[in-house]
Number of protein chains: 2
Amino acid sequence: MDIKKMVMTIAKDAKIVSQNLRTLSTDIKNNALLNMANSLEKKTNVIIDANKKDIKNAKKKRLSSAMIDRLTLNPSRVRTMSDGLREVVSLPDPVGEITRMWKRPNNLQIGKIRVPIGVIGIIYESRPNVTVDTAGLALKAGNAIILRGGSEAIHSNITITKILREASKMSNLPVNSIQLIDVTDRTAVYEMLKLDAYIDLVIPRGGFELINMVVENSRIPVIKHDKGLCHIYIDNEADLKMAEEIAFNAKVQRPGVCNAMETLLVNKEISETFLPSMAKRFKEAGVEIRGCPITKKILPFVKKASKKDWETEYLDLILSIKVVKDIKEAIDHIATYSSGLAEAIVTTNYNKARTFLNEVDSSSVFVNASTRFTDGNQFGLGAEMGISTQKLHVRGPMGLEDLTTTKYIILGNGQIRR
Amino acid sequence: MDIKKMVMTIAKDAKIVSQNLRTLSTDIKNNALLNMANSLEKKTNVIIDANKKDIKNAKKKRLSSAMIDRLTLNPSRVRTMSDGLREVVSLPDPVGEITRMWKRPNNLQIGKIRVPIGVIGIIYESRPNVTVDTAGLALKAGNAIILRGGSEAIHSNITITKILREASKMSNLPVNSIQLIDVTDRTAVYEMLKLDAYIDLVIPRGGFELINMVVENSRIPVIKHDKGLCHIYIDNEADLKMAEEIAFNAKVQRPGVCNAMETLLVNKEISETFLPSMAKRFKEAGVEIRGCPITKKILPFVKKASKKDWETEYLDLILSIKVVKDIKEAIDHIATYSSGLAEAIVTTNYNKARTFLNEVDSSSVFVNASTRFTDGNQFGLGAEMGISTQKLHVRGPMGLEDLTTTKYIILGNGQIRR
């Protein structure tokens, strides 16, 4: 099979159906999503059978048990996927929203209206639920989607996509609204990334290597979901009990995700009061601490942190701690080492809260709350496509609205330009 | 001189000052812009002297008189540049605007706030006024700017940038807020496009070849300003006098710009009434018409239009005309051939106006007005950075607001994730 030709055909077909999807009523889209949800549940066994093949291969390839867990589907996980689609149904349709409208001196009325982006390509790894989540969101926002999942989930993805496409057909939705590139050869990705004439946006979700490859090779605009190296700064005027709860939650509740805390910054003035009990809790939870020289003086049992620690997203029960002189040193440390995803300050001082909010340049800046809330669902945006770590188009957790663009509409009564 | 090193130094310096610019008060920015405007005027003679060198070189290179005209500065044009800066002062500062804020069930308050993008690179050709316009806009929105003008305007650009930087210094603004890459070697552009660690956005303004080179080679997100192939559809239920005025304005008022009309679509039912008088006016204005077979029947003197005509942005007093059966055929023609910049319908029928607005996927869709209004100033956005012809981040005329991104701010009182 000619991969280049196949990818080109998929992209062209997506472009064609996107013209139709653009103007579909919310009712038709919602009905299709509900049919998809029901079909997935009805065919749970078929999905699980396909998934078993992927798991068998994964075991053969000796993938880590964590990876195999992420790959595994069971009836409850299939149920979660279809419930996700039902949740998308319940979200308002962003398409057609007029976000602003104004009148010019010559009586032209000018408005900005949300419209679908067009064709969205998703390049992702392992979890088969991404197939359903992203297809549902893209569709609700009126976009055609081209899915390119990882080779380890290929059987699951083929089966799931087939079910979604059959449900589309049943719902008077163009069957090519959802397409899967079902060859695992990487050439397919390179070919896809050239097709800016047909694909409007590419979202890579996965490790650094994947994202870098996409950024490097894409002619299509990219929204990337990069790493998260999150900081929490405990101010000397913090409620120390609250500070301890927030820091503990941000590190321990789910250490393997991008919005977990990796570095704790502690104001010198309260470091001797705060750190011993905080460290005790971390120790009980199995967290390994690496500290700056002052931290080591207060907590002699901790390892020494090196520059490399400040730069590392552990994604694990490891934490680096730095004692800082003041909020300025904290903000400077963040500016130097943060990945720009999420940072928090714990303080009772109004001015310092305001300074932190203004000066920290991250996608999500918290006062007195855990960075773990950096998530589309937690923000109330519904299901999410990913978290953008770039500045263009969208920053931070992406919701339905972020899968649209705008156009201007201009209503006149014969105006011409002088 | 090592170009690679020079570009890297410029980019790093821009990144450093962008941290400072991000939190500058509106007053400081406005004061700097006013000082720049005044300095430009005071040094009009110095600018014109430098400009003379560029014009001399341009004549030596036998550039077209149109290009030499675009390149030429005189006291009135310098005045226009400084007035442009004063206009930017009068625009509201987009930085710090909270566009939305909501409360979650757990009492977290989540808001989206506008922040500067950071470092913006502009790669442009000929007109030296772009140097002043884009620097002023970028600065007002809190961004550092790296300018890369064309070799033909290098002396003008060096002198103008020097004046702007001196005025910055005088105004307590970091002098590296505005930097010019003052070597004309193209290597500098290739080096610049690699520096996504320091530069957040690149805007190419110029011909197809320049834009394509940037899209092809950039690791940095790009907002492109592509060509404009604009259509006007005259419906059978149009006010034909209004239709004639709008079509004439869109073709003739300034044919060399991207928002001028290139193809006129005319409903068959009124084609025999409408076309003869319309064509007469075009003929009087020196417009060459190329028509479809039906047009040729009605206007025997016109040339035959080929497929190539439907695909061509003439930027000249040339117009292609196609007679269509109905609005559907008009919309289909637009979907096939439009560059997606701007299209208009002239009609008195409500349903057709609504259909056109909904179904035409262009950055600006007009009812009963000339496409020539597709412009930041005309839309009331103030001066403009260009017109985006892509879908990500911004579409259509770009204003100050489009030179910002957003971040989330989250206000809590101890919330942790369960």
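Only a single criterion out of (1) over 21 Å from the mean Cα position of the chain (by Cα); (2) among the β-branched types (Val, Ile, Thr); (3) surrounded by 16 or more Cβ atoms within 10 Å (Cβ to Cβ) is not satisfied by B:Thr273, namely (3).
Basic (Lys, Arg) and surrounded by 14 or more Cβ atoms within 10 Å (Cβ to Cβ): is that true of B:Lys60 in this structure? Criteria not met by B:Lys60. Is region B:184-195 home to any residue that is crowded, with 22+ Cβ neighbours inside 10 Å, acidic (Asp, Glu) and assigned to a helix (DSSP H, G or I)? Within region B:184-195, not a single residue is crowded, with 22+ Cβ neighbours inside 10 Å, acidic (Asp, Glu) and assigned to a helix (DSSP H, G or I).
Scanning region A:298-317 for residues that are of a type in the set (Val, Ile, Thr) and without any contact (Cβ under 8 Å) to a residue 60 or more places away in the chain returns A:Ile298, A:Val302. Just so you know, in region A:171-183 the residues that are surrounded by 15 or more Cβ atoms within 10 Å (Cβ to Cβ) and more than 20 Å from A:Gly118 (Cβ to Cβ) include one that is nearest to the other protein chains (Cβ to nearest Cβ), and it is A:Ser171. For B:Ile122, the criteria (1) assigned to a strand (DSSP E or B); (2) within 24 Å of the chain's Cα centre (by Cα); (3) within 14 Å of chain A (Cβ to nearest Cβ) hold in every case but one, which is (3).
Those strands (runs of 3 or more DSSP E) of region A:303-418 in which 2 or more residues are within 29 Å of B:Ile220 (Cβ to Cβ) occupy A:342-346, A:364-369, A:404-415. Filtered by the rule that a residue be surrounded by fewer than 19 Cβ atoms within 10 Å (Cβ to Cβ) and of a type in the set (S, T, N, Q), region B:45-57 gives B:Asn45, B:Asn57. Among residues that are polar (S, T, N, Q) and over 25 Å from B:Val189 (Cβ atoms), B:Ser64 is not included.
If you go through region B:218-263 and pick out every residue that is at the interface with chain A (Cβ under 10 Å from one of its Cβ atoms) and touching an Asp or Glu at 6+ places or on another chain (Cβ under 6 Å), you end up with 2.
Where helices (runs of 4 or more DSSP H) sit wholly within region B:1-113, those with at least 1 residues that are free of Cβ contacts under 8 Å to residues at least 40 places away in the same chain and within 30 Å of B:Leu411 (Cα to Cα) occupy B:3-21, B:26-42. The one condition from (1) in the same structural domain as B:Lys12 (by TED's automatic domain parsing); (2) buried (at least 24 other Cβ atoms within 10 Å of the Cβ) that B:Ala250 does not meet is (1). If I go through region A:320-355 residue by residue, how many of them are in contact with a Leu (Cβ under 6 Å, 6 or more places away or on another chain) and within 16 Å of A:Ala243 (Cβ to Cβ)? Matching residues across region A:320-355 total 4. Checking each residue in region A:337-366 for being within 24 Å of A:Ala279 (Cβ to Cβ), of a type in the set (Val, Ile, Thr) and in contact with a Phe, Trp or Tyr (Cβ under 8 Å, 6 or more places away or on another chain) picks out A:Ile345, A:Val346, A:Thr347. Exactly one residue among A:Thr355, A:Thr404, A:Thr374 is polar (S, T, N, Q) and out of contact with any strand residue (DSSP E or B) (no Cβ under 6 Å at 6 or more places or on another chain), and that residue is A:Thr355. Being touching a strand residue (DSSP E or B) at 6+ places or on another chain (Cβ under 8 Å), under 27 Å from A:Arg254 (Cβ atoms) and either touching a residue at least 60 places away in the same chain (Cβ under 8 Å) or polar (S, T, N, Q) (or both): is that true of A:Gly207 here? No. Among the residues of region A:320-335, those identified as modelled with pLDDT of 95 or more and surrounded by fewer than 21 Cβ atoms within 10 Å (Cβ to Cβ) are A:Lys325, A:Asp326, A:Lys328, A:Glu329, A:Asp332, A:His333.
Scanning region A:85-107 for residues that are surrounded by 14 or more Cβ atoms within 10 Å (Cβ to Cβ) and among the β-branched types (Val, Ile, Thr) returns A:Val88, A:Val89, A:Val95. Residues in region A:336-363 that are crowded, with 20+ Cβ neighbours inside 10 Å and at the interface with chain B (Cβ under 7 Å from one of its Cβ atoms): A:Asp361, A:Ser362, A:Ser363.
Considering (1) in contact with a Gly (Cβ under 8 Å, 6 or more places away or on another chain); (2) over 26 Å from B:Asn143 (Cβ atoms); (3) within 14 Å of another protein chain (Cβ to nearest Cβ), the lone condition that A:Thr371 does not fulfil carries the number (1). Look at B:Val202 and say whether it is at pLDDT below 90, buried (at least 20 other Cβ atoms within 10 Å of the Cβ) and aliphatic (A, V, I, L, M). No: the conditions fail for B:Val202. The residues listed here are A:Ala335, A:Ala342; of these, the one that is of a type outside the set (S, T, N, Q), within 20 Å of B:Ile117 (Cα to Cα), within 14 Å of the chain's Cα centre (by Cα) and not assigned by TED's automatic domain parsing to the domain that holds A:Gly206 is A:Ala342. Considering region A:217-264, the residues that are of a type in the set (Asp, Glu) and in a loop (DSSP other than H, G, I, E, B) include one that is farthest from the chain's Cα centre (by Cα), namely A:Glu237.
Kindly indicate whether B:Ser76 is assigned by TED's automatic domain parsing to the domain that holds B:Ala138 and either buried (at least 16 other Cβ atoms within 10 Å of the Cβ) or modelled with pLDDT of 95 or more (or both). So B:Ser76 passes the test. Among the numbered conditions (1) buried (at least 17 other Cβ atoms within 10 Å of the Cβ); (2) at pLDDT 95 or above, the only one that B:Lys303 does not meet is (1).
Here B:Ile146 meets the list (1) touching a Gly at 6+ places or on another chain (Cβ under 6 Å); (2) modelled with pLDDT of 95 or more; (3) assigned to a helix (DSSP H, G or I) almost entirely, failing just condition (3). Taken over region B:364-378, the criterion of being surrounded by fewer than 24 Cβ atoms within 10 Å (Cβ to Cβ) and either acidic (Asp, Glu) or in contact with a helix residue (DSSP H, G or I) (Cβ under 7 Å, 6 or more places away or on another chain) (or both) is satisfied by B:Val367, B:Asn368, B:Asp375.
Looking across region B:379-418, the residues that are of a type in the set (S, T, N, Q) and either without any contact (Cβ under 8 Å) to a residue 12 or more places away in the chain or more than 8 Å from every other protein chain (Cβ to nearest Cβ) (or both) come down to B:Ser388, B:Thr389, B:Thr404.
The values are calculated or read from the model by the stated rules, or taken from the named source; none is laboratory data. The structure presented is a predicted model; accordingly, all values stated were derived computationally and were not measured. All Cβ positions, even for glycine, are placed from backbone atoms using ideal geometry, and neighbour counts span all protein chains on display.
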